[in-house]
Amino acid sequence: MSKQEVKVESRIKVKKKSWYRILAPQQFASKEIGESYLTAPETAIGRFVKANLKDLTGNVKDQNIYLVFRIDRMEGTALNTSVVGYEVISSYIKRLVRINANRLDDCFQAKTKDGNTVIIKTFAITSFKTKRSIQAKLRKQSQEFFREEIGKVNFSVFMTDLVDNKVRAALKKKLDKVYPLREIIVRVLSLQGKEATPGSEAVPQPVSSDETTDESLPELVAVESPAEVIEVEQTEEEAVAV
């Protein structure tokens, strides 16, 4: 049996990637909220990014709040987003709880003026222990407030009012007439439907700007300059028995 040397040539191609800036909407002055390293920017459309509100407003009081953005279009080397969610970190919620007071959690839906469905989760602490009938009335009036106010505007306008603390101030003023509250906040506000996270009643599961992922999700790692990726050609010789 003879042996013949066969030259086998294999090519390993590595696609060239580039860095694309991810920008907040105009209501947040189009500030940069991260960068994504992608082979094609179109692959980022429809994905989610999570950013701390303090980084957008510069106000240290906003450090306990995160906004969820959806990448929805591309302009040049920038990926533009729209805001689809708002959430307060759980550690801050725990610090607000007091003894000799009632904790009131609530979750319900509301419709915006343009027909979008919004999931709202609220959190309140009463000044003192109170009856269940009073607690039920507080929840009812809170739901009525949100359904009325959200129904007047579109989602982005309501989100701006929420970030500016106008919603909380108006809600507390209304509920204090029923029973004095130590604190009332919107714990989670999430836009649902085709423009938001697929699936469900759950809050969107975003990608944090400091979380490392593969190309199936945006990798948001800020660097001074992207690493160069080149095409590699590999040749090897093998002896094959015939």
Give me the residue from the range 128-157 that is of a type in the set (S, T, Y) and assigned to a helix (DSSP H, G or I) and, out of that set, farthest from V118 (Cα to Cα).
S133
Can you find a residue in the range 97-120 that is surrounded by fewer than 19 Cβ atoms within 10 Å (Cβ to Cβ) and assigned to a helix (DSSP H, G or I)?
no
Looking only at the range 46-100, and only at residues there that are farther than 23 Å from I119 by Cβ and acidic (D, E), the one that is nearest to the chain's Cα centre (by Cα):
D55
Applying the selection to the range 142-160, what residues are among the hydroxyl-bearing types (S, T, Y) and farther than 22 Å from T126 by Cβ?
S156, T160
Taking the range 186-197 and keeping only residues that are modelled with pLDDT under 95 and either within 17 Å of K61 (Cα to Cα) or assigned to a loop (DSSP other than H, G, I, E, B) (or both), one is left with Q192, G193, K194, E195, A196, T197
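The values are calculated or read from the model by the stated rules, or taken from the named source; none is laboratory data. This structure is a prediction, so every number in the text was calculated from the model and none was measured. Quick reminder, even Gly has a Cβ in these numbers, built from the backbone with ideal geometry, and neighbours come from all protein chains shown.
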